[in-house]
Amino acid sequence: MEGLDRMDAKVTDKLGKAGLWLSALFIILTLLAVLGYILIRGIGVMSLGFVFEMPRNNWREGGIFPAIIGSLIVVGIALLFSTPIGVGAAVYLTEFTREGRSTKAIRIAADSLNAVPSIVFGLFGLALFVFYLKDFTGGPSLLSAGLTLGFMILPTIIRTSEVSMRTIPFGEKMESYGLGATKLQTIWNIVLPGAIPGIVTGIILGLGRAIGETAPIIFMVSLNPIIPKSILGSGNTLTTQLYFLAMEGISMDVAFGTALTLILIILTLNYSARRLNRYLSRNLKR
Amino acid sequence: MTDENKIVIRDLNLWYGDKRALIDNNMDIRENKVTAIIGPSGCGKSTFIRCLNRMNDPVEGVRVTGEVRIDSKNIYDKDVDVVALRKKVGMLFQKPNPFPMSIYDNVAYGPRIHCTRDKKKLREIVEESLRNATLWEEVSDRLDKSALDLSGGQQQRLCIARTLAVKPEIILFDEPCSALDPISTGKIEDLIHELKREYTIVIVTHNMQQAARVSDYTAYFLLGKMIEFGKTKELFENPKEKETEDYITGRFG
Ligand SMILES: Nc1ncnc2c1ncn2[C@@H]1O[C@H](COP(=O)(O)OP(=O)(O)OP(=O)(O)O)[C@@H](O)[C@H]1O
Ligand SMILES: [Mg+2]
């Protein structure tokens with residue numbers, strides 16, 4: 001009897017392990033399959049011209065330069081908008097308020113915002129930036145799109161910054177006060193440098209999300225390739241162009257080329273942000 | 001050497017919320033002397049010395065009444081500049097907290113905030129402070145290395161150097177040696193002995209031999225109240241109060 005039980009346990013253990021191993025394998029294979037498929041389908045159109053030229057002849061020739069520029073501008077605006085506000089809010093939450101109802105409310109608000117579907121942000125951005133603040137944003141412009149994405153990633157930046165600010169030891173802050181530093185000096189010299197890794201992580205997460213979203217900005221960007229003249233003007237982005245190319249069946253090759261470009265940009269930005277992070281933490285903690 | 005009272009404390013009370021942690025305390029702390037605060041755990045020693053440079057201010061729910069006069073000025077008056085106060089009254093903690101920066105930047109932290117960003121002057125201040133904290137010999141060749149790589153005893157002396165660099169007049173030590181080995185402890189005690197030529201020092205300690213070794217005056221606290229205060233030698237050899245005697249003999253016995 002006992003021997004049988006032991007056998008059973010061994011078999012169950014083996015089966016369990018095999019199951020876990022299989023699901024891990026499945027995830028990795030799926031990821032490789034998606035990336036590989038996009039690579040194979042997209043690599044054919046890749047060239048310097050594809051990256052740096054305007055499309056011609058209804059996408060049959062030339063490249064996707066306007067969408068690359070548009071995406072970078074929109075994401076840049078989103079980060080320029082949400083990073084200072086998000087970090088500021090995190091400083092406020094950790095250093096200027098007591099734990100209580102108001103901090104709880106802000107935290108719940110941030111978490112709920114994170115769960116709002118992105119198309120809803122799009123609608124909100126349409127109402128606020130495109131219609132209500134038209135004189136300031138230029139209506140359906142790259143600025144409106146960037147600000148909408150900025151709102152969308154704000155909760156991520158607030159929460160990751162806050163979490164990393166909370167890890168700064170109380171003792172370090174006390175010693176700074178003990179040396180006669182003011183609250184702002186302590187925040188500037190001790191809290192923010194120590195929180196940089198967390199802030200950069202938040203920026204990376206937000207950036208990845210912002211550059212990959214189509215829904216929130218579909219109302220604000222042009223579906224046609226335009227080199228943006230200013231941020232108050234019209235432009236298109238990689239995601240909206242991808243949507244357009246695939247929906248209208250214009251060119252699947254260019255669509256996959258666009259997807260590949262998008263993935264390469266995300267990987268590059270992630271990699272640079274991580275390098276920057278390492279550089280900053282090394283230089284601040286010399 | 002003077003025999004002036006540098007700090008005069010009158011009717012000092014402190015509450016953490018509803019809990020009264022200090023009860024009607026009076027004390028005169030002499031200039032250029034070392035005053036030790038002893039007493040059982042939780043009796044309010046740390047709370048008491050934190051009152052001397054208002055380090056209780058950042059703690060939530062704290063209320064203080066009474067007076068702490070430093071050079072005849074009550075530091076709890078409304079017009080007091082807390083930043084200037086903390087510059088004048090430096091504080092060392094039980095667990096040293098070097099900032100996660102280079103040794104040099106740690107010591108330069110205060111001067112950069114208060115007086116100068118001039119490179120040459122900063123260098124001078126850093127070297128002088130490290131020398132006075134008897135750490136210079138050990139770190140002069142690695143000032144640009146992280147302060148976190150120093151040993152516990154070196155970190156504590158680094159924190160002392162960092163405090164000296166803002167040129168205080170009074171230095172408060174809250175159990176500066178409780179996490180250190182005997183050799184590092186000896187170095188800190190020697191250092192305190194040197195420092196009292198120029199500074200007024202208040203030190204909290206659990207170690208009565210240490211109080212006897214380094215201090216000129218000793219105060220015994222129990223449950224938030226100062227029970228006895230006097231010359232260290234007299235207090236240890238001839239305690240006037242029964243509670244003091246119990247504590248001292250209990251520990252020494
Ligand atoms: N932030 C705080 N909030 C509430 N109560 C506190 C706080 N800090 C200290 N106390 C209480 O005040 C009393 C005095 O504490 P304090 O830290 O001053 O004692 P201590 O003599 O320094 O003790 P130890 O020798 O263990 O360091 C204790 O009963 C403690 O629980
Ligand atoms: Mg204590």
With solvent modelled as a 1.4 Å probe, how much accessible area in total do chains B and A shield from it at their shared surface, in Å² to the nearest 100?
-> 2000 Å²
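What part of the accessible area of the protein assembly as shown, given as a whole %, is carbon or sulfur when the probe is 1.4 angstrom?
Values: 16020 of 26790 Å².
Summing carbon and sulfur atoms, their accessible area is 60 percent of the total for the protein assembly as shown.
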Two-site label geometry, A:ASP135 and A:ASP13: point separation in nm, points 7 Å out along Cα→Cβ | 7.5 nm
How big is D for the protein assembly as shown, in µm² s⁻¹ as a whole number, if Stokes-Einstein is applied with the Kirkwood radius of its Cα pairs at 20 °C and 1.002 mPa s?
-> 76 µm²/s
State the Cα centre-to-centre distance between the stretch A:1-54 and the stretch A:152-183 in whole Å.
-> 39 Å
Using heavy-atom solvent-accessible surface (probe 1.4 Å) with all chains present, what is the largest-first order of B:ASP149, B:ASP174, B:ASP81?
-> B:ASP149, B:ASP81, B:ASP174
Where the centroid of each part is defined by its Cα atoms, how far is the stretch B:209-248 from the stretch B:112-176 in Å?
-> 32 Å
For the stretch A:2-42, with only Lys/Arg (+1) and Asp/Glu (-1) charged at the beta-carbon, what is the dipole magnitude about the Cα centre, in debye rounded to 20?
-> 280 debye
Once label points are set 7 Å from the Cα along Cα→Cβ at both A:SER102 and A:SER47, what is their separation, rounded to one decimal in nm?
-> 6.1 nm
So, over other residues within a Cβ distance under 11 Å of B:GLN156, counting Lys, Arg +1 and Asp, Glu -1, the net charge is +3
Everything considered on the Cα gyration tensor (a ≥ b ≥ c; rounded for a/c under 1.5, else prolate if a/b is larger than b/c, else oblate), chain A must be described as oblate
To the nearest 10 degrees, the tilt of helix B:182-195 (Cα long axis) against the first principal axis of the alpha carbons of chain B is 90 degrees
Under 1.5 on a/c is rounded, so check that first for the stretch A:78-208, then, if it is not, pick prolate when a/b is larger than b/c and oblate when it is not; a ≥ b ≥ c are the square roots of the alpha carbon gyration tensor eigenvalues.
-> prolate
Using a ≥ b ≥ c from the Cα gyration tensor of the stretch B:151-206 (square roots of the eigenvalues), is it rounded, prolate or oblate, where a/c under 1.5 gives rounded and otherwise the larger of a/b and b/c decides, a/b for prolate?
-> prolate
What is the sum of charges around A:GLY100, taking Lys and Arg as +1, Asp and Glu as -1, for the other residues whose C-beta is under 13 Å from the C-beta of A:GLY100?
-> +2
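Grab the other residues whose beta carbon is less than 15 angstrom from that of A:ASN58, score K and R as +1, D and E as -1, and report the net.
Result for the local shell: -2.
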Ordered by number, the residues of the stretch A:167-187 that have at least 40 Å² less accessible area in the complete protein assembly than on their own chain alone (1.4 Å probe) are A:GLU172, A:MET174, A:GLU175, A:TYR177, A:GLY178, A:LEU179, A:GLY180
Which percent, nearest 5, of DSSP beta bridges in the stretch B:156-253 are antiparallel?
-> 55 percent
Taking max minus min of the Cα coordinates of chain B on each principal axis, largest first, gives extents in Å of 54, 45, 36
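In the stretch A:13-73, which trypsin sites (Lys or Arg not before Pro) are in a loop and have at most 11 other Cβ atoms within 10 Å, using DSSP for the loop call?
A:ARG60
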Computed FRET efficiency, Cβ-Cβ of A:ILE227 and A:LEU35, R0 41 Å: what is it to the nearest 0.05?
-> 0.85
Max mean-square fluctuation residue, GNM over chain A, Cα-Cα springs under 10 Å, options A:ILE73, A:ILE203, A:ILE119 | A:ILE119
Over all alpha-carbon pairs of the stretch A:2-42, lay out the pair-distance distribution in 10 Å bins, whole %, shortest bin first.
-> 27, 26, 20, 15, 9, 3
Given a 1.4 Å probe, how much area per residue of the protein assembly as shown is accessible, in Å²?
-> 50 Å²
Taking springs between alpha-carbon atoms closer than 10 angstrom, which of A:ARG101, A:ARG275, A:ARG166 fluctuates most in the Gaussian network model of chain A?
-> A:ARG101
Cβ charges +1 (Lys, Arg) and -1 (Asp, Glu), total dipole of the stretch A:35-169, debye = 240 debye
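Show that you can apply the helix-only estimate: for chain B, add -39,500 (n - 2.57) for every DSSP H stretch of four or more residues, divide by all residues, and state [θ] at 222 nm to the nearest 500.
The helix-only estimate for chain B comes to -10500 deg cm²/dmol at 222 nm.
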So for the stretch A:49-284, taking the charge dipole from beta-carbon charges (+1 Lys/Arg, -1 Asp/Glu), which of A:LEU242, A:PHE129, A:ALA181 sits furthest toward the positive end?
-> A:ALA181
What longest region of chain A stays clear of GluC sites (Glu not before Pro) that DSSP places outside H, G, I, E and B and that have at most 11 other Cβ atoms within 10 Å?
-> A:100-247
Ignoring ligands, DNA and RNA, the residues of the stretch B:31-78 whose accessible area with a 1.4 Å probe is reduced by 20 Å² or more relative to the chain alone are B:MET55, B:PRO58, B:GLU60
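The values are calculated or read from the model by the stated rules, or taken from the named source; none is laboratory data. In this text the structure is predicted, and so the values were computed from the model without any measurement. All Cβ positions, glycine included, derive from the backbone under ideal geometry; neighbour counts span all protein chains shown. For accessibility, only protein heavy atoms count, side chains too; no ligands or nucleic acids. Shrake-Rupley method; radii C 1.70, N 1.55, O 1.52, S 1.80 Å.
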